[in-house]
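*Asks:* Quick one: structure below, then a few questions.
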Amino acid sequence: MNNNSLVSISDISKEEILRLLRQARYFEANPNHRILEGRVAATLFFEPSTRTRLSFETAVNRLGGRVIGFSDASTTSSSKGETLKDTIKMVSNYVDLIIMRHYLEGAARYATEVTDVPVINAGDGANQHPSQTMLDLYSIYKTQGTLENLTITMVGDLKYGRTVHSLLMALQYFNPTFNFVACKELQMPVEYKQFCDEHGIRYNEYTDFTPEVINSTDILYMTRVQRERFTDIMEYEKVKNLYTLNASMLEGSRDNLRVLHPLPRVNEIAYDVDDSPKAYYFQQAQNGLYARQAIICRALGIDIPEMVD
Ligand code: CP
C-alpha cells in the first residue's frame, strides 16, 4: 500500500487538510504549473461522472502530465470477467497514480491493498468522496473566510450521499453545528451520528425544510437523491422530490449564506436560485480543479508552494 493514497478523508490530519487548502489557493493563482512532466495518471471510472473525472483529468493536463483510463467500464475487460484486483495490478504497470470511482463501498481501499501505486478514491458507493470534500472545504473557506464555528445544513439524501459523509468527518476539526434535513428513509446513517456524538459535534435532525432552519444557516448543502443506490425504484419515486430549494426561500437568510451542491442536481435546486448571489455550486465545481491539483501532488509526493490570502 502506498501511504500517499487518499481513500477516506479520515486518512489525513487537520494539518494536512489545511496544507492542501493553501496549496489549492496556490493552484488557483497558478493553474498551469507544469510539475507533472513525464508522469502518467489513470482515471478508472466504473460509475458515471462529469465533474470529478473531467476536473481530475484537467488537473493532470494543466500540470503537464498525461492521462489514460476509461469512463465506461463496459468497454474494458472487466466486462469479460476480469477482477478488480487484476485490473488494478495491470494498470499499475503503466501509471504513477490511479484515480478510481467504483460503485462498491470499500473498492478504493481494496485497490490500495493490491498495488504500490497511490490511489485516489473518486467515490466508492455511498461511502466516501474525499476529493469532493477538499473542494467543499475550499469553497466554504473562500465564501466564509473561515472553517470554524459554522452552521452547516445538509438537505436531501443523507443516507446514500457520500459527499455529506466525507464532509461531516472533515468538519470534526472546526467546531461545526449540523442540521440534517431528510425524510426518515434517507436520514444520516447511525454511524455518522455516532461519529458526531464521539467527537462532541452538535447536530439537529429535521424532516421539514423550514425557514427557521434556513435562516440559521451559513452553508446550505443541498444533495441529490441517489437513484442509482435504490434497489426498489418505487421507493425512489416516493422520496425524489421532497426537498426543493427556490429563490424565495432564501429571502430571510443570512447575508453570508451560500448554497452548495456537489452536483449533478435534478430537482433539488430550482433554476431561479442560479441568479442569486448566494448560489455557489458552479464556482464550487470550479474549485475542484485547484483542490484536485493539490491532492494529485500530495499523492505523487511532489512539494509545491502554499499560499494564504
Ligand atoms: N460531484 C460529483 O461527484 O460529480 P460527478 O458525479 O459529475 O463527478
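*Asks:* Under 7 Å by Cβ, and 6 or more places apart or on different chains, what pairs join a residue from the stretch 40-52 that is more than 11 Å from the ligand (Cβ to nearest atom) with one that is in a strand (DSSP E or B) and aromatic (Phe, Trp, Tyr)?
*Replies:* Leu44/Phe70
*Asks:* Pick from Tyr141, Tyr103: which is open to solvent by 10 Å² or more (accessible area, probe 1.4 Å), aromatic (Phe, Trp, Tyr), within 16 Å of the ligand (Cβ to nearest atom) and modelled with pLDDT of 95 or more?
*Replies:* Answer to the selection: Tyr103.
*Asks:* Quick check on this structure: which one of Tyr290, Tyr203 is of a type in the set (Ser, Thr, Tyr) and under 30 Å from Leu63 (Cα atoms)?
*Replies:* The match here is Tyr290.
*Asks:* In this structure, does Thr112 turn out to be buried (at least 22 other Cβ atoms within 10 Å of the Cβ), in contact with a strand residue (DSSP E or B) (Cβ under 8 Å, 6 or more places away or on another chain), part of a strand (DSSP E or B) and touching a residue at least 60 places away in the same chain (Cβ under 8 Å)?
*Replies:* Taking the combined requirement at face value, the residue does not satisfy it.
*Asks:* From the list Val259, Val266, Val225, Val239, pick out the single residue that is of a type in the set (A, V, I, L, M), under 16 Å from Val155 (Cα atoms) and touching a strand residue (DSSP E or B) at 6+ places or on another chain (Cβ under 6 Å).
*Replies:* Val259
*Asks:* Would you please name the residue that is least open to solvent (accessible area, probe 1.4 Å), looking only at residues in the stretch 20-50 that are of a type in the set (Lys, Arg) and over 17 Å from Lys142 (Cβ atoms)?
*Replies:* Arg39
*Asks:* Quick one: Gln293 ticks every box in (1) closer than 24 Å to Gly145 by Cβ; (2) open to solvent by 20 Å² or more (accessible area, probe 1.4 Å) except a single one, so which number is it?
*Replies:* Of everything listed in (1) closer than 24 Å to Gly145 by Cβ; (2) open to solvent by 20 Å² or more (accessible area, probe 1.4 Å), Gln293 misses just condition (2).
*Asks:* In addition: For the stretch 13-103, give me every one of the strands (runs of 3 or more DSSP E) that falls completely inside it and has 3 or more residues that are more than 24 Å from Arg229 (Cβ to Cβ).
*Replies:* Strands (runs of 3 or more DSSP E) meeting the threshold: 40-45, 66-70.
*Asks:* Looking only at the stretch 5-19, count every residue that is within 15 Å of the chain's Cα centre (by Cα) and open to solvent by less than 50 Å² (accessible area, probe 1.4 Å) and tell me the total.
*Replies:* 6
*Asks:* For the stretch 228-270: of the residues being hydrophobic (A, V, I, L, M, F, W, C) and surrounded by fewer than 15 Cβ atoms within 10 Å (Cβ to Cβ), which is farthest from the ligand (Cβ to nearest atom)?
*Replies:* Per the stated criteria, the residue is Met234.
*Asks:* Let me ask you something else. Which number in (1) open to solvent by 30 Å² or more (accessible area, probe 1.4 Å); (2) more than 16 Å from the ligand (Cβ to nearest atom); (3) under 22 Å from the mean Cα position of the chain (by Cα) marks the one condition that Lys80 misses?
*Replies:* Going through the list (1) open to solvent by 30 Å² or more (accessible area, probe 1.4 Å); (2) more than 16 Å from the ligand (Cβ to nearest atom); (3) under 22 Å from the mean Cα position of the chain (by Cα), Lys80 breaks only (3).
*Asks:* Just one of the numbered conditions (1) polar (S, T, N, Q); (2) surrounded by fewer than 24 Cβ atoms within 10 Å (Cβ to Cβ); (3) at pLDDT 95 or above is not true of Thr163; which one?
*Replies:* Of (1) polar (S, T, N, Q); (2) surrounded by fewer than 24 Cβ atoms within 10 Å (Cβ to Cβ); (3) at pLDDT 95 or above, only one is false for Thr163: (2).
*Asks:* Just to be sure I understand, how many residues within the stretch 1-60 are within 20 Å of Leu171 (Cβ to Cβ) and basic (Lys, Arg)?
*Replies:* Total satisfying the criteria: 4.
The values are calculated or read from the model by the stated rules, or taken from the named source; none is laboratory data. Everything numeric in this text was worked out from a predicted model, so none of it was measured. Backbone-built Cβ (ideal geometry, glycine too); neighbour counts: all protein chains shown. Keep in mind that these areas ignore ligands, DNA and RNA; they rest on the heavy atoms of the full protein, side chains included. Shrake-Rupley method; radii C 1.70, N 1.55, O 1.52, S 1.80 Å.
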